[in-house]
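Trainee: Have a look at this one before I ask anything.
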Amino acid sequence: MEQYVHEEVKTENSIHVRFQIYEDSNHLITEHWHRSMEVVYIYEGEMEVTVNQKKYRLFPGDFIVINSADIHATQCYDYAKVLLLQIPFSFLQHSIPDYDNIRFDMGKKLPRTCKAQDEIRLILTSMGSLYLEKPQGYSLRFSSLLYNFLYTLTIHYQISIDSTAKVKSRKNLKRLEPVIQYVKEHYRESVSLEDVASLAALNPEYFCRFFKKNMGTTFTAYVNSVRLAHVCEDLKNTDYNIGTILEQNGITNYKLFMKNFKQLYGCTPKEFRRNTGNGISG
């Protein structure tokens with residue numbers, strides 16, 4: 001089978017999935033994909049989730065299921081408390097017959113407020129409570145809830161995948177994988193369009209069209225968003241001055257950076273740092 005993952009998802013041995021409840025603000029995770037299914041549930045605040053170029057705004061009580069290999073990104077503009085569940089591809093294959101040829105579509109089968117979605121909300125919040133308390137028999141009860149979650153998805157939201165579209169999608173992701181990995185490792189440097197196009201075995205002009213069609217953004221904008229995400233983390237977690245942070249993260253066009261930053265966060269980097277609790281002067 002083709003290996004088209006570029007992000008490794010680490011799981012907990014006792015429950016066989018990655019499960020996390022976290023609080024954050026002004027946090028951006030740029031476009032990526034993995035073979036695990038990902039589920040995001042909002043306890044408090046808001047989050048914008050982009051899946052295959054479609055944007056969804058999640059509020060308290062909302063959740064979204066991101067299928068294996070869906071290209072997705074997330075952003076919290078202000079404070080948010082979030083439940084994250086990632087189920088490995090191997091677990092899904094073992095648990096759901098013919099998993100390779102199905103996906104789950106939450107938007108077309110049933111209305112937003114329906115019994116099945118209420119059941120899923122209850123399952124997810126029960127998982128969250130169990131995970132925090134970890135009573136005796138925790139892993140057994142968690143596994144029971146996990147299988148109940150997959151059962152509810154399978155009964156109410158399963159749809160078949162067009163085999164031709166599946167093969168094409170996998171081939172495209174396989175071609176993009178070394179490009180995304182290269183940016184992940186070299187975003188602090190000058191990233192050459194010719195170099196990344198060669199990684200995808202395409203000429204630069206076609207590569208630009210190919211990247212935008214599959215990722216929903218231009219390659220230049222993607223690289224800038226990766227750098228901006230790292231800048232934000234450094235603003236929150238280090239005492240470096242802003243000029244040093246920009247330089248260390250490959251930002252050379254200060255004017256363009258400031259425009260993009262203000263457009264995304266509605267403030268300057270100095271104000272962002274102050275608003276997120278790092279009161280160090282810029």
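The values are calculated or read from the model by the stated rules, or taken from the named source; none is laboratory data. The structure displayed is predicted, hence computed values, not measured ones. FYI the Cβ positions are ideal-geometry reconstructions off the backbone, even for glycines, and counts take in every protein chain you see. Protein only, heavy atoms only, side chains kept; ligands, DNA and RNA dropped before computing areas. Shrake-Rupley method; radii C 1.70, N 1.55, O 1.52, S 1.80 Å.
Trainee: Counting only helical runs of four or more DSSP H residues, what would the 222 nm mean residue ellipticity of the chain come to if each run contributes -39,500 (n - 2.57) and the total is spread over all its residues?
Mentor: Taking each H run of at least 4 residues, the total per residue is -15000 deg cm²/dmol.
Trainee: Place a label point 7 angstrom from the Cα of E205 along the Cα-to-Cβ direction, then list the residues of the range 211-229 whose backbone nitrogen is under 20 Å away.
Mentor: 211-214, 218-220
Trainee: Specify the longest stretch of the chain that does not include any exposed loop site, a site being one of the trypsin sites (Lys or Arg not before Pro) with a non-H, G, I, E, B DSSP assignment and at most 16 other Cβ atoms within 10 Å.
Mentor: That gives 11-107 as the longest site-free run.
Trainee: Also, I was wondering about something else. Carbon and sulfur: what percent of the chain's accessible surface (1.4 Å probe)?
Mentor: 49 percent
Trainee: Shifting gears a bit: With a 1.4 Å probe and all protein chains kept in place, how do T164, T152, T217 rank by accessible area, largest first?
Mentor: From most exposed to least exposed: T164, T217, T152.
Trainee: Ok, one more. Could you compute how much accessible surface H32 exposes when probed at 1.4 Å, giving the result in Å² to the nearest 10?
Mentor: 20 Å²
Trainee: How are the alpha carbon pair distances in the range 215-282 distributed across 10 Å bins from zero to the largest one, expressed in percent?
Mentor: Pairs per bin, as whole percents: 21, 57, 19, 2.
Trainee: Further question: Would you work out the charge dipole size for the range 132-192 about its Cα centre, treating the Cβ of every Lys and Arg as +1 and the Cβ of every Asp and Glu as -1, and quote it to the nearest 20 debye?
Mentor: Value, rounded to 20: 220 debye.
Trainee: Where nothing but the Cβ of Lys and Arg (+1) and of Asp and Glu (-1) is charged, how large is the charge dipole of the chain around its Cα centre, in debye to the nearest 20?
Mentor: 640 debye
Trainee: Still on this model: Projecting each Cα onto the charge dipole of the range 149-282 (Lys/Arg +1, Asp/Glu -1 at the beta carbon, about the Cα centre), which of V231, T244, G266 comes out farthest on the positive side?
Mentor: Positive-end residue among those listed: G266.
Trainee: Please work out how much length the chain gains when fully extended from V167 to K115, using 0.36 nm per residue of separation minus the C-alpha to C-alpha distance, in nm with one decimal.
Mentor: 15.3 nm
Trainee: Same structure again: Taking 0.36 nm per residue of sequence separation and subtracting the Cα-Cα distance, how much length would be gained by fully extending the chain between Y138 and H94, in nm to one decimal?
Mentor: 13.7 nm
Trainee: Counting residues in the range 154-282 as N, plug N into 2.2 N^0.38 Å and put the Cα Rg over that result.
Mentor: 1.32
Trainee: Between K174 and Y56, what is the label-point separation in nm under the 7 Å Cα-to-beta-carbon projection?
Mentor: It is 2.8 nm.
Trainee: What is the dipole size for the range 134-282, taken about its Cα centre, with +1 at each Lys and Arg Cβ and -1 at each Asp and Glu Cβ, in debye to the nearest 20?
Mentor: 500 debye
Trainee: Let me ask something else. Mind ranking 66-78, 237-249 by how tightly packed they are, going by the mean number of other C-beta atoms within 10 angstrom, highest first?
Mentor: 66-78, 237-249
Trainee: Can I ask one more? Report the gain in length on full extension from K212 to Q20: 0.36 nm times residue separation, minus Cα-Cα distance, nm rounded to one decimal.
Mentor: Fully extending the segment from K212 to Q20 adds 66.0 nm.
Trainee: Just tell me which lysines come within less than 28 Å, Cα to Cα, of K212; anything on the same chain fewer than 8 places away is out.
Mentor: Hits, sequence-local ones excluded: K54, K55, K108, K166, K168, K171, K174, K184, K255, K259, K262.
Trainee: How much accessible surface area, in Å² rounded to 10, belongs to the heavy atoms of Y43 with a 1.4 Å probe?
Mentor: In the full protein context, Y43 sits at about 60 Å².
Trainee: Tell me, what is the per residue accessible area of the chain in Å², probe radius 1.4 Å?
Mentor: Solvent-accessible surface per residue comes out at 52 Å².
Trainee: Filter the GluC sites (Glu not before Pro) in the range 163-223 down to the DSSP loop ones having no more than 15 other Cβ atoms within 10 Å, then list what survives.
Mentor: E189
Trainee: Projecting each Cα onto the charge dipole of the range 21-89 (Lys/Arg +1, Asp/Glu -1 at the beta carbon, about the Cα centre), which of T50, A69, Y22 comes out farthest on the positive side?
Mentor: Towards the positive end, the residue furthest out is A69.
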